[in-house]
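Asks: Attaching a single structure in structure tokens format; questions to follow.
The values are calculated or read from the model by the stated rules, or taken from the named source; none is laboratory data. This one's a predicted model, so the numbers in the text were calculated from it and none came from an experiment. FYI the Cβ positions are ideal-geometry reconstructions off the backbone, even for glycines, and counts take in every protein chain you see.
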Amino acid sequence: MTQIFAYIPFSNGVAEDVAMEFPAAAAKIDKTASLTAVLTGSGPDLDKVANEMTGLYAEVIKIDNTALVYPNAEVVRKALLNIIPAGAIVLAAHNTFGMDLAPGLSIKMNAAYAADIVNFDGVEGTTLKASRQELGGAVSTHVAVDVSSGAVITIRPGSFTAVEGKTASGSVVDKSGNAGDLSAKRKFLEIVQAEVGDVDITKADVLVSIGRGIEEQENIEIAEELAKAMKTVVSCSRPIVDAKWLEKGRQVGTSGKTVKPKVYMAMGISGSFQHLGGLKGNPFIVAVNKNPKAPIFQVADIGIVANIIEFMPELTSAINDL
Amino acid sequence: MEILVCVKRVPDTAENEFELNSAGNDLDRGDLVYSVNEWDNYAVEEAIQIVDKTGGNVTVITVGDGESEEVLRREMAMGANNGILLSDDAFGGSDGKGIATILKAEIEKGKYDLILTGAQADEGAGQVGGMLAAMLDMPYASLVNKIEVGEGTIKVGREIEGGNQEMNEITLPCVLSIQTGINEPRYVGIRGIRKVASVEIPVKSASDLGLAADSVGKTGAKTRRIDYFTPDMGVGAEMLEGSTDEIIAKLIEKLKAKGGL
Ligand SMILES: Cc1cc2nc3c(=O)[nH]c(=O)nc-3n(C[C@H](O)[C@H](O)[C@H](O)COP(=O)(O)OP(=O)(O)OC[C@H]3O[C@@H](n4cnc5c(N)ncnc54)[C@H](O)[C@@H]3O)c2cc1C
């Protein structure tokens with residue numbers, strides 16, 4: 001029987017949404033598989049989340065150790081290697097922690113690795129078929145994963161239906177005693193909070209958001225003018241911040257701000273999942289992109305194939321003439 | 001410090017519209033424009049800046065075919081001192097573990113204090129750095145956006161959710177995957193490329209590296225791509241068409257209805 005272990009990420013006593021999505025992912029891998037939640041941490045926060053997980057998972061393993069208070073991937077890997085049986089499938093989130101943990105874990109387990117999976121077609125024999133994207137979401141691929149000696153798989157948060165309500169009545173198994181040696185060559189020091197910028201994009205009802213399609217720093221003015229006509233501010237995708245054209249506080253996405261506007265104007269943004277991950281509340285998305293195949297058109301409400309450098313000034317003057 | 005940076009030649013997402021070939025099982029690769037993986041330029045820049053301060057050398061390495069030599073030369077034009085190309089038909093079809101296995105074989109022939117990769121490349125898996133570290137039993141940190149070099153240890157910042165930074169102390173030697181934005185990669189002009197055009201870049205095969213052919217390539221791969229496909233994403237956007245004036249008139253109506261104006 002397939003054994004699946006889901007590593008549950010949480011902070012401040014609250015499980016991340018993906019914890020509710022692992023059961024659907026596991027069922028798509030193999031409906032008959034056993035599914036176990038694994039949590040590492042220490043103290044009341046760990047216990048609180050572990051107890052909550054018994055409503056979703058038939059078995060919940062907790063590993064309580066002060067070395068695990070902050071999830072340092074090297075330490076978590078050591079603990080997991082002492083708990084997870086050979087040949088099992090481990091699920092983790094494709095987030096910054098999963099990216100830190102999963103590739104190395106797969107090597108130490110001598111298991112296959114599949115990253116950022118968005119769908120599963122099930123196991124046949126020892127081959128698991130799954131879907132993922134490449135090239136920033138421009139193309140989708142099927143992959144075959146040989147799970148005969150186990151697998152470590154990260155799933156894209158938000159890709160599988162979250163379970164609602166209480167679907168299991170499991171119990172917590174304390175495996176703290178099995179964690180073994182948790183010394184590490186990497187030591188966690190502290191979290192430095194992201195800088196707070198001069199403009200708060202999280203409060204805006206409308207955002208004019210620019211991506212790499214803006215091409216030159218000088219062109220940002222064009223977007224500022226459109227934003228002014230729409231009585232709002234400019235936000236952006238990551239490459240604009242990487243280039244230091246706008247400050248970090250303007251970045252929408254998983255490694256930037258989470259915004260909840262009513263209307264989102266995506267100007268020259270391709271639509272990577274890390275960007276869209278910062279867009280909540282189901283806004284009305286207008287995408288303008290010169291590439292008719294840009295992935296953003298799959299999620300936008302309105303699409304326009306155009307060069308934003310020419311299109312934005314025309315839109316600005318039409319709005320100003322209203 | 002001796003620093004090795006692993007780089008990759010990838011299809012440029014900014015320059016290409018990706019189409020499937022007529023059989024529908026691969027990209028139409030005929031006219032694709034290739035470049036260095038975006039993340040790798042940040043890794044090479046960081047390595048050069050560290051070596052400028054501490055002394056030592058930057059070596060760039062890639063697993064690829066003959067055409068991958070051009071990305072090594074580009075990174076050498078940025079200021080990397082040496083290039084190494086690992087190339088063999090047997091490497092084709094390797095999964096992440098296969099690539100890490102090939103790199104490891106060469107790494108063990110040298111002595112590096114620091115090994116850098118990009119945080120991810122065209123496949124978006126972000127796997128090679130973490131696998132390599134585990135194989136070499138070195139500590140690892142992914143998504144690094146700050147490096148401070150000390151004595152025998154370094155301080156690294158990892159960019160985590162929300163743009164917050166997780167600071168760690170890590171012992172050397174180690175493997176780090178570099179996130180964009182850590183620095184501003186220097187511009188490489190035609191003159192720079194010309195300067196390194198005749199520098200010799202050693203090419204090493206599976207047998208040079210002492211690799212069993214079945215540990216890498218298709219046979220060694222536990223994860224392999226079956227095909228490309230067009231996902232059913234529902235209806236998608238309503239595309240506005242017509243003259244610019246018509247499009248703008250329609251858009252303004254929609255924006256008014258949705259509270260955008
Ligand atoms: C761990 C991690 C975290 C990340 N976090 C974030 C994040 O928080 N936010 C984020 O945005 N990204 C994030 N990224 C990066 C993300 O993967 C993408 O690289 C990024 O979102 C791409 O930005 P873009 O759409 O502006 O650029 P591109 O993908 O290069 O797209 C540019 C688009 O503009 C179009 N275009 C070009 N010129 C024009 C023109 N003149 N007129 C009209 N259209 C034009 C092109 O067709 C293309 O579709 C993260 C990546 C990683 C690995």
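Asks: Could you list, in sequence order, all residues of region A:92-146 that are at positive phi and at the interface with another protein chain (Cβ under 9 Å from one of its Cβ atoms)?
Replies: Hits for region A:92-146 are A:116, A:135, A:136, A:137.
Asks: Right, here's the next one. Kindly indicate whether residue B:114 is within 7 Å of chain A (Cβ to nearest Cβ) and either surrounded by fewer than 20 Cβ atoms within 10 Å (Cβ to Cβ) or at pLDDT 95 or above (or both).
Replies: no
Asks: On to the next question. Out of contact with any strand residue (DSSP E or B) (no Cβ under 6 Å at 6 or more places or on another chain), within 12 Å of the ligand (Cβ to nearest atom) and at the interface with chain B (Cβ under 10 Å from one of its Cβ atoms): is that true of residue A:305 in this structure?
Replies: Against the criterion (out of contact with any strand residue (DSSP E or B) (no Cβ under 6 Å at 6 or more places or on another chain), within 12 Å of the ligand (Cβ to nearest atom) and at the interface with chain B (Cβ under 10 Å from one of its Cβ atoms)), residue A:305 qualifies.
Asks: Restricting region A:236-256 to residues that are of a type in the set (Lys, Arg) and surrounded by fewer than 21 Cβ atoms within 10 Å (Cβ to Cβ), which is nearest to the ligand (Cβ to nearest atom)?
Replies: Among them, the one singled out is A:248.
Asks: Still on this structure, please answer the following. So in region A:31-69, with the set limited to residues that are surrounded by fewer than 17 Cβ atoms within 10 Å (Cβ to Cβ) and of a type in the set (Ser, Thr, Tyr), which one is nearest to residue A:166 (Cα to Cα)?
Replies: Once the filter is applied, the top-ranked residue is A:34.
Asks: Could I ask something else about it? Filter region A:144-172 for residues that are in contact with a Ser or Thr (Cβ under 8 Å, 6 or more places away or on another chain) and outside any strand (DSSP E or B); which is nearest to residue A:94 (Cα to Cα)?
Replies: For region A:144-172, the residue satisfying everything is A:147.
Asks: Pull up region A:198-214, narrow it to residues that are more than 10 Å from chain B (Cβ to nearest Cβ) and assigned to a loop (DSSP other than H, G, I, E, B), then point me to the one that is nearest to the ligand (Cβ to nearest atom).
Replies: In this case the residue turns out to be A:211.
Asks: Hey, another quick one. Could you check, for region A:175-191, whether at least one of its residues is closer than 27 Å to residue B:255 by Cβ and assigned to a strand (DSSP E or B)?
Replies: no
Asks: Which of (1) touching a helix residue (DSSP H, G or I) at 6+ places or on another chain (Cβ under 7 Å); (2) modelled with pLDDT under 95 does residue B:128 not meet, given it meets every other one?
Replies: (2)
Asks: Any residue in region B:23-44 that is crowded, with 16+ Cβ neighbours inside 10 Å, over 28 Å from residue A:295 (Cβ atoms) and of a type in the set (Asp, Glu)?
Replies: No - not one qualifying residue is present in region B:23-44.
Asks: Somewhere in region A:174-192, is a residue out of contact with any helix residue (DSSP H, G or I) (no Cβ under 6 Å at 6 or more places or on another chain), of a type in the set (Val, Ile, Thr) and within 13 Å of chain B (Cβ to nearest Cβ)?
Replies: There is at least one residue in region A:174-192 that is out of contact with any helix residue (DSSP H, G or I) (no Cβ under 6 Å at 6 or more places or on another chain), of a type in the set (Val, Ile, Thr) and within 13 Å of chain B (Cβ to nearest Cβ).
Asks: Show me the helices (runs of 4 or more DSSP H) entirely contained within region B:147-261 in which 3 or more residues are more than 14 Å from chain A (Cβ to nearest Cβ).
Replies: Where helices (runs of 4 or more DSSP H) fall fully within region B:147-261 and carry at least 3 residues being more than 14 Å from chain A (Cβ to nearest Cβ), they are B:190-195.
Asks: Within region A:205-225, does at least one residue satisfy the condition of being surrounded by fewer than 19 Cβ atoms within 10 Å (Cβ to Cβ) and closer than 16 Å to residue A:295 by Cβ?
Replies: Yes, region A:205-225 contains a residue that is surrounded by fewer than 19 Cβ atoms within 10 Å (Cβ to Cβ) and closer than 16 Å to residue A:295 by Cβ.
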